[in-house]
């Protein structure tokens, strides 16, 4: 197939998008992972530049882990963790205090941890151990393991019972995560722990946006694709490669996740309006029916657009859709066309249904 030969001699980037849009990208031999790295502008167009780019980016990611996942009040001297809390401490109210930053980061981390533990529940992949745990983390004696920070942040609840005079029984209650989502032992990591770290670093490096629920659904298919690469060298660096590809993709769709831009043309409401206009020009009877019922795109398409349809189809179908989505130069116009097609496929039912039936139909369209 042309895709195969193209991967070994990249001379014209226009060939790959054309093939990806029309044919999709084969799963075999890591071709999809490699194509996505090209289409998401992580790898340069010329193969000769790949080694230098990958080495530089992966070293940069290693530095992010080293510098941004830290425990305040301690420093490293000759490889030993030494307490330096005399200069800063957990009760320090100074906004510049490392402890203040640490506590604010943990608020974000709590949400990330909750979201990544339920990532792609239909498959067991994210609960399995990665073959290449991050050595900086798993051998840090727990200092850099983010799930441990969450465990320390959540307060234990207690039931207080009084029996007789002056006798109080306190029963501690700790809600444990399901066993499938339990952290791996020292020296090992589950895939969801890797995704948690990527999202945390992204939030730290993008404070103006931070982490927003739903980003976990965007990163999931990318990480899955890279971490399943049959090439061991590519798979070993799936975490760093995923971080930069996810960052590049978010650079294109970040406006969907910024509330202050909701009403802007580039914001999510602008996208939903475009979907309505596309439906109007493509199938006016269906559009008129939904208009008469006051069933606007906001009722059903918010998730479609913000999460790039990742929740509407099984994962293999999402990967195929994203092949075309990433390859199309006007990829968000292409997203509108797919969403419009999803509505038109329900044409017969929508034209005969009332408001409650149509809302349910569109909200459960997969």
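Laid out as a table, the results:
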item: Debye equation applied to the C-alpha atoms of segment 326-366, log10 I(q)/I(0) at 0.18, 0.21, 0.26, 0.33 Å⁻¹; result: -0.56, -0.67, -0.84, -1.08
item: For segment 232-279, diffusion coefficient by Stokes-Einstein and Kirkwood Rh (Cα), 10 °C, 1.306 mPa s, µm²/s; result: 126
item: Peptide ranges 125-133, 108-116 listed from the most packed, as the mean C-beta count within 10 angstrom indicates; result: 108-116, 125-133
item: Fully extended contour minus Cα-Cα distance, from residue 233 to residue 315, at 0.36 nm per residue; result: 27.1 nm
item: Computed lengthening from residue 264 to residue 67, 0.36 nm per intervening residue step minus Cα-Cα distance; result: 67.3 nm
item: Inverse mean reciprocal Cα-Cα distance (Kirkwood Rh) of segment 259-363, Å; result: 14.2
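Every number here is computed from the coordinates shown, using simple stated rules; none is lab data. This structure is a prediction, so every number in the text was calculated from the model and none was measured. Every residue, glycine among them, receives a Cβ derived from its backbone with ideal geometry; neighbour counts consider all protein chains shown.
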